[in-house]
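Asker: Quick one: structure below, then a few questions.
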Amino acid sequence: MNKYPQPASIPVKNREWLDHELKKSPIWCSVDLRDGNQALPMPMNPEKKFAYFQLLCQIGFKEIEVSFPSASQDDFEFVRELIEGNRIPQDVRISVLTQAREPLIRRTVESLAGLERGILHLYIATSELHEQIVFHKNHEETLKTAVEGTKSVIRCLKEAGLYGKIGYEFSPEEFTDSDLNHVLEVCKAVKEAWGPSKKEDFILNLPQTVERRPPHQYADMIAWFIDHYPYMDETTISIHSHNDQGCAIASSELAVMAGAERVEGTLFGHGERTGNVDLCAMALNLESRNIKTGLNFSDLPHVVKVVESSTGIEVHERHPYAGQLAFTAFSGSHQDAIRKGLDSIDTARQIFGVDWKVPYLHIDPATVGRKYEKLIRINSQSGKGGVAYVLEHDYGIYPPKGMHPEIGAAIQAYADRKGDELNGAELLKIFNNTFVNIKGPFDLKKFKRISGGDDHDETREDSMITVGLELTFDGKPMSIKGTGNGPISATVHGIRNEAGLYQFILEDFSERTLGTNADANAIAFVGIRRKSDKRLFYGVGEHSNIDQAAIAALFSALNRSILEERGLL
């Protein structure tokens, strides 16, 4: 028996869609505020959600899925505030999601009271995996639930006086893992239950909920469905691709070639697991081929700032358009070719008949509010990603993501005082002086394991260990003990819980070896969050013993936090 199934091919004729040339942008629907938000480690609060909604409107999205109103009071209230606060532009339709259950549908419709234009989005899983394993239903029962849910939507909209104002979107969840004939029958039955409609007011969203197929097969399924579905003149075909295999953009572009008319996704791909299709990258791909998308990313740094602030997740440095290093060349040969290309831009225009044709830069960085960077220049304007790059590639120091802002701030402060660029040696010195083995109120004299089993297996009870520490705190000698599932955990418990010396939360911990030889030192990174004001402080420890490096990193973080509290940092 094979571990994974081989995706079955789709019975399309001649794959004619491959000859289609994209000349028109699809309709874009942002699901950042629902699908993206539900997958965040810390979901957005109302203030951040409003700021994000305004950003999406400014970019140019005309359809925005904003919440799952029946799932929580916060989601319900967010929709109410958008409507009652008159926050929705006239040319924007908000969308809300619900499952196919009468009480949830009714609650969802209640959230839409007073809305003049919108979309109610209902979904039900149609894959055999969901039907048999999750819901214990057969095809007929799934079809019946979808039709009854649709009729319930109609009934509730009519009772609320919203029928004719609110469009309807239906999603057969796990479309790409479903039997096509079954999905076709469900979608036909749903359309027939809904009745005649304008094309824009009845949407069939055919999602790649989990990416299990190569991109061309998603397009094949879309092409097959369109070929067999009889109500295309009254239906908009939408897609929603996740990025489990890293091909969501390719899948979506091919699906649009195959006839999909609408694309759901998120900025920078936020969403469950590996995320949704990245609408920023996909739209800019089309823009780079002279297809007008209606979306404005001319100030991409501002978009990045708002999204990072709202989601708490940084945009990757190598993001195709938004990453800090997207328009940066490190290689000398690349730098030389780009310089020659920029110097000869007028000649290139005459040769190629386009405004932009430069080696290694597929679009003009100015299109997205950026500029070409020759290399990482370590000065007061250096990005934290660039500083981290030098630490990693020149010195083998790989600080965790959460530490990058503190490193960047330290470098920027020094560079501002110096007023000139820094070399690598200066950068390393600042890093060491700011974070490594920092002295302060906590001073470790001696550390030892008292008892414990295998601390590498944290699932076993006997993995708990007890440590003893001889230390001074503000010059006062003391001995403390702590127990945890590893040396760092045990030390935290000893300092915070047993001795009650300082209240903090252990936020982040990682360690690695510096260098490759047997005598190389260990380096550890610890991030703590101060309980008094929730501020995050990182410390670094370096030692020949990996346990000692971890404890030194913890003490560095604690000392930095206390010194800052006392105005001494």
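Asker: Would you work out which of Thr367, Ile465, Leu427 lies farthest towards the positive end of the dipole of the chain, given +1 charges on the beta-carbon of Lys and Arg and -1 on that of Asp and Glu, about the Cα centre?
Answerer: About the Cα centre, the residue reaching furthest to the positive side is Leu427.
Asker: Just to confirm a number: summing +1 for Lys and Arg and -1 for Asp and Glu over residues other than Ile203 whose beta-carbon lies under 10 angstrom from that of Ile203, what do you get? Kindly include the intermediate steps, with their values, before the conclusion.
Answerer: Values: positive: Lys199, Arg262; negative: Glu63, Glu169, Glu200, Asp201, Glu261, Glu264.
Once all neighbours under 10 Å are counted, the net charge is -4.
Asker: If I compute solvent accessible area with a 1.4 Å probe over the protein chains, what percent of it on the stretch 495-558 is carbon and sulfur?
Answerer: Details: 1190 of 2880 Å².
It is 41 percent, rounded to a whole number.
Asker: Roughly how many nanometres apart are two label points built 7 Å out from the Cα toward the Cβ at Glu84 and Asn2?
Answerer: 5.5 nm
Asker: Mind pulling the per residue volume of the convex hull built on the Cα atoms of the stretch 174-225? Å³ is fine. Mind dumping the intermediate values first?
Answerer: On the way: hull volume 4.3 nm³, N = 52.
Taking the convex hull of the Cα positions in the stretch 174-225, it is 83 Å³ per residue.
Asker: Enter the mean projected area of the convex hull around the alpha-carbon atoms of the stretch 164-284, in nm², rounded to one decimal. Can you show the working numbers first?
Answerer: Working: hull surface 28.8 nm².
Answer in nm², one decimal: 7.2.
Asker: Expressed as a whole percentage, what fraction of the accessible surface of the stretch 229-359 belongs to carbon and sulfur atoms when a 1.4 Å probe is rolled over the protein heavy atoms?
Answerer: Values: 2780 of 5550 Å².
Here it works out to 50 percent.
Asker: Can I ask one more? Taking the solvent-accessible surface of protein heavy atoms with a 1.4 Å probe, what is the per residue accessible area of the chain in Å²? Show your work: numbers first, answer last.
Answerer: Details: 26830 Å² over 569 residues.
Roughly 47 Å² per residue, with all protein chains present.
Asker: With the full set of protein chains in place, find how many percent of the accessible area of the stretch 157-210 is carbon and sulfur; take the probe as 1.4 Å. Intermediate values should be presented prior to the final figure.
Answerer: Numbers: 840 of 1830 Å².
It is 46 percent, rounded to a whole number.
Asker: As a test of the definition: which semi-axes, in Å, follow for the stretch 55-108 when you take the square root of five times each eigenvalue of its alpha carbon gyration tensor? Largest first, please. Intermediate results must be reported in sequence, preceding the final value.
Answerer: Details: eigenvalues 97, 29, 15 Å².
They are 22, 12, 9 Å, listed from largest to smallest.
Asker: Enumerate the lysines that Lys481 could reach by cross-link, defined here as Cα to Cα under 23 Å, with residues fewer than 8 away along the same chain left out.
Answerer: Lys439, Lys445, Lys446, Lys448, Lys531
Asker: Mind ranking 392-405, 231-244 by how tightly packed they are, going by the mean number of other C-beta atoms within 10 angstrom, highest first? Let's see the in-between values first.
Answerer: Details: 392-405: 15.8, 231-244: 21.2.
So the peptides 392-405, 231-244, ranked by packing, come out 231-244, 392-405.
Asker: Taking the dipole about the Cα centre of the stretch 109-152, with the C-beta of Lys and Arg at +1 and of Asp and Glu at -1, give me whichever of Leu115, Leu129, Leu143 is farthest to the positive side.
Answerer: Result: Leu115.
Asker: Show me the ranking of peptides 197-206, 128-137 by mean Cβ neighbours inside 10 Å, starting with the highest. Numbers along the way, then the final one.
Answerer: On the way: 197-206: 19.6, 128-137: 13.7.
The packing order, highest mean first, is 197-206, 128-137.
Asker: Which of the aspartates and glutamates could a cross-linker bridge to Lys429, judged by Cα under 18 Å and excluding same-chain residues fewer than eight apart?
Answerer: Glu392, Asp394, Glu406, Asp416, Asp420, Glu421, Glu542
Asker: Any idea what log10 I(q)/I(0) is at q = 0.06, 0.08 Å⁻¹ for the chain, Debye with uniform C-alpha scatterers and no solvent?
Answerer: For the requested q values the scattering log ratios are -0.41, -0.71.
Asker: Report the gain in length on full extension from Glu192 to Asn521: 0.36 nm times residue separation, minus Cα-Cα distance, nm rounded to one decimal. Provide the component values of the computation, followed by the final result.
Answerer: Working: separation 329, 0.36 × 329 = 118.44 nm, distance 6.98 nm.
Difference between extended and current length: 111.5 nm.
Asker: Which lysines, if any, have their Cα less than 29 Å from the Cα of Lys340, not counting same-chain residues under 8 positions apart?
Answerer: Within the straight-line limit of under 29 Å, Lys340 reaches these lysines: Lys357, Lys371, Lys374, Lys384.
Asker: I would also like to ask the following. Are any of the pairs Lys49/Lys292; Lys158/Lys191; Lys49/Lys151 more than 20 Å apart by Cα-Cα distance, and if so, which? Provide the component values of the computation, followed by the final result.
Answerer: Details: Lys49/Lys292 28 Å; Lys158/Lys191 17 Å; Lys49/Lys151 32 Å.
Listed pairs above 20 Å: Lys49/Lys292; Lys49/Lys151.
The values are calculated or read from the model by the stated rules, or taken from the named source; none is laboratory data. As the structure is a prediction and not an experimental result, all values here were calculated from the model. Methodologically, a virtual Cβ is constructed for each residue, glycine included, from the backbone with ideal geometry; neighbour enumeration extends over all protein chains shown. All accessible areas refer to the heavy atoms of the entire protein, side chains included, with ligands and DNA or RNA removed. Shrake-Rupley method; radii C 1.70, N 1.55, O 1.52, S 1.80 Å.
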